[in-house]
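The values are calculated or read from the model by the stated rules, or taken from the named source; none is laboratory data. Predicted, not measured: the structure shown is a model, and the values here were computed from it. Counting neighbours? That spans all protein chains shown, and the Cβs are built from the backbone with ideal geometry, glycine included. All accessible areas refer to the heavy atoms of the entire protein, side chains included, with ligands and DNA or RNA removed. Shrake-Rupley method; radii C 1.70, N 1.55, O 1.52, S 1.80 Å.
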Amino acid sequence: MPAVVGFMVTATSGLPDAEQGMATGIAAMTQQVGITLGTPVMSTVAVTAATLPDGIARAVLVDAAAVLVAALAPALLLRRSRRRADGRV
């Protein structure tokens, strides 16, 4: 539970009040997508390796890459939104 609270605080800190709702929605969406897709993808990656330890190592690597993408996507979307609001494309 503390990790979820920390995640939401980090996702919304420093944003103007008008963007708090959008940031919270994007953060919650990335959590739901991660939960929905993360477990089956990691399981599939783990069982495709020749040995279980190799499979688990690969699954953790894939998970780390997915977390990185999920962490960067909201930031990039917010940046794009701000640029459009400022009249820059």
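Things worth noting here:
- If the condition is being open to solvent by less than 80 Å² (accessible area, probe 1.4 Å), modelled with pLDDT of 85 or more, assigned to a helix (DSSP H, G or I) and not polar (S, T, N, Q), then the stretch 1-21 contributes GLU19, GLY21.
- From the list ALA85, ALA57, ALA49, ALA70, the one residue that fits, being closer than 13 Å to ALA11 by Cβ, small (Gly, Ala, Ser) and open to solvent by less than 100 Å² (accessible area, probe 1.4 Å), is ALA70.
- The set of residues in the stretch 1-60 that are β-branched (Val, Ile, Thr) and touching a Gly at 6+ places or on another chain (Cβ under 7 Å) comprises VAL45, VAL47, THR48.
- Selection within the stretch 73-82 - surrounded by fewer than 15 Cβ atoms within 10 Å (Cβ to Cβ) and either of a type in the set (A, V, I, L, M) or not in a helix (DSSP H, G or I) (or both): ALA73, ALA75, LEU76, LEU77
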